[in-house]
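These notes concern the structure reproduced below.
The values are calculated or read from the model by the stated rules, or taken from the named source; none is laboratory data. Small disclaimer: the values here were computed from a predicted structure and weren't measured. Glycine gets a Cβ as well: all are built from the backbone with ideal geometry, and neighbour counts include every protein chain shown. Accessible surface areas use protein heavy atoms only, side chains included; no ligands, DNA or RNA. Shrake-Rupley method; radii C 1.70, N 1.55, O 1.52, S 1.80 Å.
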Amino acid sequence: MGTTATEQGSRAGIGASPVRPDGTLKVTGEFAFSSDLWADRMLWGATLRSPHPRARIVRVDLTGAVATTGVHAVLTADDVPGHKRYGLEHRDQPVLAMGQVRYAGEPVAIVAADHPETARRAAARIVVEYEVLPPVVDGEIALDPATDRVHEAGNLLRHVPIRKGDPDATAPVVVTGEYEVGMQDQAFLGPESGLAIPAEDGGVDLFVATQWLHGDLGQVADCLGLPPDKVRLSLAGVGGAFGGREDVSMQVHACMLALHTGRPVKMVYSREESFFGHVHRHPAKLAYEHGADEDGKLVYVKARIVLDGGAYASTSMAVVANATTLGVGPYRVPNVTMDGYAVYTNNPPCGAMRGFGAVQACFAYESQMDKLAERLGLDPVELRVRNALEPGDTMPTGQVVEGPAPVAELLRRVRAEPLPAGASGDPRELPGGVANTTHGEGVRRGVGYGIGIKNVGFSEGFDDYSTARVRLEVVGGEPAVVVHTAAAEVGQGLVTVQAQIARTELGVEQVTVATADTSVGSAGSSSASRQTYVTGGAVRAACAAVRDEVLRRVGRTDASLEGGKVVAAEGVVADLADVLADEPIERTVEWRHRPTFPIDPATGQGDAHVQYAFAAHRAVVDVDVELGLVRVVEIATAQDVGRALHPQSVRGQIAGGTAQGLGLAVMEEIQVVGGKIRNPSFTDYLIPTILDVPPMRIDVLELGDPSAPYGLRGVGEPPTISSTPAVVAAIRAATGLPLKRVPVRPEHLTGT
């Protein structure tokens with residue numbers, strides 16, 4: 001079923017902020033998420049998971065599960081009909097564990113039953129005998145050749161060296177630091193879920209919440225041993241993603257059970273299971289050395305970055321490339337020596353999360369910039385401005401920065417914002433709120449800054465494209481447009497933007513955006529801040545092809561389409577409905593951005609990225625230094641978005657991304673002890689609530705990128721990158737403590 005995205009009473013093209021068609025439904029609870037799916041004769045699927053981070057499977061006894069009344073299937077790795085491993089970049093992850101398990105929570109068996117509780121109880125009756133082995137749980141130790149191998153090929157997934165300029169460069173002022181970033185969760189509210197329905201042709205239809213329909217399709221079809229045309233995926237309602245739905249979770253399992261039983265099978269993870277069912281942000285250890293002259297100009301940066309990828313590859317190889325190629329930040333640095341490592345461990349798998357490697361690096365290099373400013377006695381913003389990238393500068397990879405790079409301007413803008421007033425004495429304005437046991441005697445205020453850089457789109461020569469099908473026809477006597485892509489709407493507002501582009505390009509008010517599915521060509525993933533750029537570009541190009549055909553029919557290539565009319569300089573040439581008559585126009589276009597190229601494996605040199613995006617933050621915090629409590633009082637941010645296609649959504653993305661960065665700064669961390677997650681719930685994994693998110697001053701710049709559709713620049717990730725170091729810098733300013741790890745905990749502030 002399509003979604004009509006027409007705003008009554010006004011033209012709602014690009015630059016406007018029409019009401020999102022899914023907005024009211026989500027607020028009222030009427031929106032159908034993937035967990036709401038239903039089918040006649042539907043069975044329920046459940047998964048048995050390993051309790052151990054590393055073990056050999058000695059024996060599996062399915063007797064108890066098979067004998068359970070209401071159970072229709074109990075499957076293990078032996079029942080996988082096709083390829084037994086999957087993976088987004090490297091197919092190293094078993095559909096179901098084969099001979100061993102590599103992380104706590106790895107799927108071992110799946111069950112289908114006529115009731116969800118029956119399925120769960122049957123799964124619990126499966127007896128698995130394990131030979132428990134000591135897990136590899138530290139990324140640095142995993143790099144030691146003497147350490148046990150998580151995989152036969154070794155523990156190193158990828159090493160990315162960056163070599164620019166003189167590796168032996170020296171400087172009169174040097175600061176060093178070692179930093180650590182904890183494991184953050186995407187914490188989307190809609191758990192993994194989907195419905196698989198067996199088809200008469202021997203194939204399967206899967207309705208699922210995902211970020212990349214065709215990415216799923218390739219893996220699912222291979223594992224099922226079916227040709228891709230017999231596996232059809234449709235996007236179901238997505239309750240948030242942030243990278244956590246790029247990888248396959250229950251997709252293959254639900255399809256296996258449906259094909260085995262001949263009945264529809266629905267799977268919905270519990271909140272606890274969701275923590276085991278998707279990848280997380282990579283924990284990182286980062287060691288940096290910055291050398292500068294006495295005026296604060298950077299001379300060199302040396303760094304070592306180790307990302308813990310967990311048990312399977314996921315997107316770790318791309319994440320470590322981002323962390324290193326962007327690892328000095330938005331600064332001019334003539335000499336760079338940097339090594340990034342992604343490693344296997346027996347910790348939970350890590351992969352895509354908003355910011356994708358740039359988050360971890362930004363915390364380290366911005367901490368270093370603050371340390372360097374303090375050493376030189378300079379204002380932290382002034383130091384950053386002196387080193388700010390400008391158009392024409394070269395990145396550590398040797399790539400030239402093209403288009404606007406308003407690094408200095410963003411910094412100056414956030415600094416120029418008025419500071420908030422001091423606390424009024426109301427206990428609700430103190431750290432800890434009304435539960436505070438003091439009256440503010442130990443409260444100190446601090447101000448901190450951060451700025452970050454993020455690549456947009458897929459990099460390193462990846463064939464990054466999107467496909468759009470646009471149909472212009474007459475409905476009810478009026479021209480109407482149907483836009484069909486496989487691009488996943490995961491809450492970012494993409495459905496609305498596609499409709500805005502069609503209205504702008506074709507001058508037609510009535511636009512329907514069809515449900516995303518695999519009957520149209522791939523749109524790639526809703527990640528890397530790329531969909532508005534790439535799918536927006538595809539929709540625009542398909543609309544242009546349709547428009548060209550309209551103008552060909554009327555014989556006026558100099559005309560345009562406005563308000564349902566064909567218009568030329570002398571006025572209306574024709575009604576669009578008359579031009580179309582009974583001959584709709586449909587065009588399908590694949591659209592690509594300019595090419596990128598692989599980086600040199602020895603030096604890291606190459607034009608790896610298609611576009612850079614920048615954002616700056618200023619955070620104001622109050623810290624109770626006696627209790628170790630932090631209250632973020634206000635955040636100011638400035639970001640260049642190139643062109644705001646939907647200004648309200650742009651501001652929403654910036655606010656949401658900033659809140660996610662705040663969470664990493666002061667509260668969000670998956671606690672992993674001995675390879676086991678200790679806090680798989682929203683009771684113990686804390687995310688910012690409305691009481692934690694402060695007022696925000698949002699300054700949106702529109703400095704168009706000439707190579708991008710409409711001049712736009714990816715929006716979603718940059719605010720998550722620099723908000724974290726800004727908040728931590730403010731806490732440092734309030735406490736005088738070095739704070740080398742995020743999230744900052746109360747014990748870090750009180751010494752307890």
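Ranked from largest to smallest solvent-accessible area, with a 1.4 Å probe on the protein heavy atoms, 748, 278 come out as 748, 278.
A straight chain from residue 597 to residue 147 at 0.36 nm per residue would run longer than the Cα-Cα distance by 158.6 nm.
For residue 701, list long-range residues whose amide hydrogen, built 1.01 Å from N in the peptide plane, is under 5 Å from its own amide hydrogen. Residues meeting the criterion, in which the H sits 1.01 Å from N, are 639, 640, 641.
One chain, two ends: residue 171 and residue 69. Fully extended at 0.36 nm per residue, the span grows by 29.3 nm beyond their Cα-Cα distance. Residues in segment 702-709 carry Karplus couplings, in order, of 10, 9, x, 8, x, 8, 10, x Hz; the curve used is 6.51 cos²θ - 1.76 cosθ + 1.60 with θ = phi - 60°, and Gly or Pro positions show x. Fully extending the segment from residue 386 to residue 294, taken as 0.36 nm per residue of separation minus the present Cα-Cα distance, adds 31.9 nm. Shape analysis of segment 1-149 places it in the oblate category; the axes a ≥ b ≥ c from the Cα gyration tensor give an a/c of at least 1.5, with a/b not above b/c.
With both labels modelled 7 Å from their Cα along Cα-to-Cβ, the residue 24 to residue 133 distance reads 5.8 nm. Checking the Cα-Cα distances for 84/266; 164/740; 26/230; 285/371; 84/230; 297/371 against a 23 Å cut-off, the pairs over it are 164/740; 26/230.
Within segment 322-344, whose backbone N sits under 19 Å from a point 7 Å along Cα→Cβ of residue 394? Output list for this probe position: 324-339. Excluding residue 216 itself, calculate the net charge of residues whose Cβ lies under 10 Å from the Cβ of residue 216, where each Lys or Arg counts +1 and each Asp or Glu counts -1. Once positives and negatives cancel, what remains is -1. When both segment 143-173 and segment 218-255 are represented by their alpha-carbon centers, they are found 34 Å apart.
Scanning residues 5 or more positions from residue 237 or on other chains, those with amide H under 5 Å from its amide H are 34, with H placed 1.01 Å from N in the peptide plane. Taking the Cβ of residue 338 as the center, what net charge do the other residues with Cβ under 11 Å away carry, scoring Lys and Arg +1 and Asp and Glu -1? Summing Lys/Arg as +1 and Asp/Glu as -1 gives +2.
Give, as a single signed number, the net charge of other residues whose beta carbon lies under 12 Å from the beta carbon of residue 65, with Lys and Arg counted +1 and Asp and Glu -1. Its environment carries a net charge of +2.
Note on residue 645: accessible area is roughly 10 Å² with a 1.4 Å probe, heavy atoms of protein only.
Extending 7 Å from the Cα toward the beta-carbon at both residue 691 and residue 424 defines two label points whose distance is 1.8 nm. The alpha carbon gyration tensor of segment 491-602 gives principal lengths a ≥ b ≥ c with a/c of 1.5 or higher and a/b greater than b/c, which makes the shape prolate. Any idea how far the Cα center of segment 393-439 sits from the one of segment 68-82, in Å? If we compute the Cα centre of each part, the gap is 53 Å. Put simply, when 517-524, 235-242, 711-718 are sorted by average Cβ atoms within 10 angstrom per residue, most first, you get 711-718, 235-242, 517-524. For segment 416-519, the per residue solvent-accessible surface stands at 36 Å², with DNA, RNA and ligands left out and a 1.4 Å probe.
Ligands, DNA and RNA are left out, and with a 1.4 angstrom probe the accessible area of segment 1-121 is 50 Å² per residue. Residues whose amide H falls under 5 Å from that of residue 633, counting only those 5 or more places apart or on a different chain, are 620, 621, 622, with hydrogens built in the peptide plane.
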